[in-house]
1. Could you grab me the full set of residues in the stretch 44-62 that are part of a helix (DSSP H, G or I) and within 23 Å of Ile135 (Cβ to Cβ)?
2. Among the numbered conditions (1) more than 19 Å from Leu32 (Cβ to Cβ); (2) of a type in the set (Phe, Trp, Tyr); (3) in a loop (DSSP other than H, G, I, E, B), tell me where Tyr109 comes up short.
3. Looking at Arg175, is it out of contact with any strand residue (DSSP E or B) (no Cβ under 8 Å at 6 or more places or on another chain) and over 24 Å from Asn63 (Cα atoms)?
4. Can you name every residue in the stretch 48-80 that is more than 14 Å from Asp111 (Cβ to Cβ) and within 16 Å of the ligand (Cβ to nearest atom)?
5. Please go through (1) hydroxyl-bearing (Ser, Thr, Tyr); (2) surrounded by 13 or more Cβ atoms within 10 Å (Cβ to Cβ); (3) at pLDDT 95 or above for Ser42 and return the number of the only condition it doesn't satisfy.
6. Would you pick out the residues in the stretch 182-202 that are β-branched (Val, Ile, Thr) and in a strand (DSSP E or B)?
7. Looking only at residues in the stretch 90-124 that are among the β-branched types (Val, Ile, Thr) and crowded, with 24+ Cβ neighbours inside 10 Å, which one is nearest to Leu152 (Cα to Cα)?
8. Residues to consider are Arg214, Arg132, Arg170; find the one that is more than 30 Å from Asp241 (Cβ to Cβ) and within 16 Å of the ligand (Cβ to nearest atom).
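The values are calculated or read from the model by the stated rules, or taken from the named source; none is laboratory data. The structure displayed is predicted, hence computed values, not measured ones. FYI the Cβ positions are ideal-geometry reconstructions off the backbone, even for glycines, and counts take in every protein chain you see.
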Amino acid sequence: MPTISLSFWERNRPILFHPQSRCFIRQSQDQLKQHAAQAALSYIAPKLERKSVVGVGTGSTANYFIDELAKIKHTFDAAVASSEETHRRLTAHGITVVDLNAAPQLDVYVDGADEIDKSCSMIKGGGAALTREKIVASAADEFVCIADSSKLVNQLGAFPLPIEVIPMARSLVARALVALGGHPIWREGVTTDNGNLILDVHGFAIDQPLNLERQINDIAGVVCNGIFAQQAANVAFLASDSGVTVLNPLQQG
Ligand code: 5RP
């Protein structure tokens, strides 16, 4: 068992050194993700009925949500998964998973984000699941985003924008993205659940998310891009050391 030693403190958080992986660990990041997941569960639980179907995202924050969802699995009908990984975790918890084609309507979709702005537009796809995430989200009545508060930004774009691409179009799409002002990097060694590739685009200052989302979708060979502006969240639960903040753009006016 490796020894994890306390190395230093940063903004009241213990930063630990993990010798085996030779990296520093922000001890409370996972706790914050769990708090956001718990807040989302408290928010959706009263809305669920026996026939309800819940869409479930992908990633470490979504995993915490799945663990919470398992506690109320007898109160709703089934879940739709946004990735093979999520499908496996849901099933392991004994939650019934149905194909999207068999689900007439999804009450809610809950997922994490790589970045989110105050209007609840997001960058997603750090886990390469963006296409299925966008599909499942689009089928739901409500999108609930869960994240630790470090994901909240004034403007999207510091996180490299993931784009799922048909393999034969990789270079073609990359050149089109350069023409739009980005610097695409092929995420080598990664194949999506749909058998495609990911380009991570650096250098986009995304001041008009919806426009850029549409522009990138227009490039032949692009399957999906990680801007979720058309599919923005309806509400976001962002956990920090001082509690969980709720972002609700419609109520903010
Ligand atoms: C996966 C995603 C995730 O929601 C995003 O990468 C956030 O992940 P995490 O919850 O692990 O920080 O879009 O494709």
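1. Once the filter is applied, which keeps residues that are part of a helix (DSSP H, G or I) and within 23 Å of Ile135 (Cβ to Cβ), the stretch 44-62 yields Ile44, Lys47, Ser60, Thr61, Ala62.
2. Exception for Tyr109: condition (3).
3. Considered against the rule, which asks whether it is out of contact with any strand residue (DSSP E or B) (no Cβ under 8 Å at 6 or more places or on another chain) and over 24 Å from Asn63 (Cα atoms), Arg175 comes out as yes.
4. As a first pass, look at the stretch 48-80 and keep what is more than 14 Å from Asp111 (Cβ to Cβ): 48-53, 67, 70-78.
Within the stretch 48-80, Asp67 is the sole residue that qualifies.
5. (2)
6. Of everything in the stretch 182-202, those that are β-branched (Val, Ile, Thr) and in a strand (DSSP E or B) turn out to be Ile185, Ile198, Val201.
7. Filtering the stretch 90-124 for residues that are among the β-branched types (Val, Ile, Thr) and crowded, with 24+ Cβ neighbours inside 10 Å, the one nearest to Leu152 (Cα to Cα) comes out as Ile116.
8. Details: Arg214 fails: within 16 Å of the ligand (Cβ to nearest atom); Arg170 fails: within 16 Å of the ligand (Cβ to nearest atom).
Arg132 is the lone residue from the list that is more than 30 Å from Asp241 (Cβ to Cβ) and within 16 Å of the ligand (Cβ to nearest atom).
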